[in-house]
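Notes follow once the structure below has been shown.
The values are calculated or read from the model by the stated rules, or taken from the named source; none is laboratory data. Quick caveat: nothing in here was measured; it's all calculated off a predicted structure. Here the Cβ positions follow ideal geometry from the backbone for every residue, glycine too, while neighbour counts run over all protein chains shown.
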Amino acid sequence: MLEGMGREQMRAADEDRRQVGDQLRAALEEGRLTLTEYDERLQGAYEAKTYADLDRLLTDLPNAAPIVPAEPAATPVATADGHSVRTAWLGHIWVPYAKAVVFFTVIWAISWLADGDADFYWPVWVFGPWGVVLLVRTLAGLAKDEPRRHAEEAEHRRRLREHKRDRKALQARAIAAGKLPAKPTKEQRKAFVAEAVARGDLPPKPRKPAT
């Protein structure tokens, strides 16, 4: 279906709009755009439907790079991603355990060397039951697709941090432009954010992934 279609007619994705927003923000910080121009173009970026719509927002910015459509992910990549998700989750479960094993083993070894006598390896009373609990949790988590949920929650937290950073930057520019008081109230901040989202200057707050 896309073979006879040029890049300009292809539909843009949210990630493409975000990349254009980043380039517009850089242009604002470099002084190439005024705050009003930045606001207008940012709104245009979030309203853009095609790559041609996005290109028009960057044509007069010398350091801006055109957005390249991402290639569809191949099956091997998806498999590797699933493996990395499981690896990250297993690290989240087992790395603290491994660190504790090393820490208490070092303490036991120092005590053994100081006494000059081979003491019983007492850390086993801690690591044994703890390891059994983690093993049960690991097997149950893999069966219930816990690695995927863990990855989705981590991505959600990352997007929340990014949204908070963008919101604060937008509020700071509004204060500098006199659109907000120097110390806005909570109600003023909420109203400002709601208006910014309605205009397309700020994306909506990311929603928590469904469990």
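Assess whether ALA174 counts as being more than 26 Å from the chain's Cα centre (by Cα) and either at pLDDT below 90 or outside the structural domain of SER84 (by TED's automatic domain parsing) (or both).
No.
Would you be able to say whether some residue in region 130-145 is in contact with a Phe, Trp or Tyr (Cβ under 7 Å, 6 or more places away or on another chain), of a type in the set (A, V, I, L, M), surrounded by 10 or more Cβ atoms within 10 Å (Cβ to Cβ) and free of Cβ contacts under 8 Å to residues at least 60 places away in the same chain?
Within region 130-145, one or more residues are in contact with a Phe, Trp or Tyr (Cβ under 7 Å, 6 or more places away or on another chain), of a type in the set (A, V, I, L, M), surrounded by 10 or more Cβ atoms within 10 Å (Cβ to Cβ) and free of Cβ contacts under 8 Å to residues at least 60 places away in the same chain.
Limited to region 190-211, what total is found for residues that are closer than 15 Å to ARG165 by Cβ and in a helix (DSSP H, G or I)?
So the count comes out to 2.
How many of the residues in region 177-211 are more than 25 Å from the chain's Cα centre (by Cα) and within 24 Å of ASP22 (Cβ to Cβ)?
Summing the residues that are more than 25 Å from the chain's Cα centre (by Cα) and within 24 Å of ASP22 (Cβ to Cβ) in region 177-211 gives 3.
Counting just the residues of region 29-79 that are part of a loop (DSSP other than H, G, I, E, B), modelled with pLDDT of 85 or more and polar (S, T, N, Q), which one comes out farthest from LYS179 (Cα to Cα)?
THR59
Are any of the residues in region 38-48 within 24 Å of the chain's Cα centre (by Cα), farther than 18 Å from VAL197 by Cβ and not assigned by TED's automatic domain parsing to the domain that holds PHE192?
No, region 38-48 has no match at all.
Based on this model, can you work out whether ALA109 counts as outside any helix (DSSP H, G or I) and either within 27 Å of GLU153 (Cβ to Cβ) or at pLDDT 85 or above (or both)?
Here the answer is no, as ALA109 does not meet what is asked.
Identify all residues within region 45-60 that are closer than 14 Å to ARG11 by Cβ and exposed (fewer than 14 other Cβ atoms within 10 Å of the Cβ); write none if there are none.
Scanning region 45-60 gives GLU47, LYS49.
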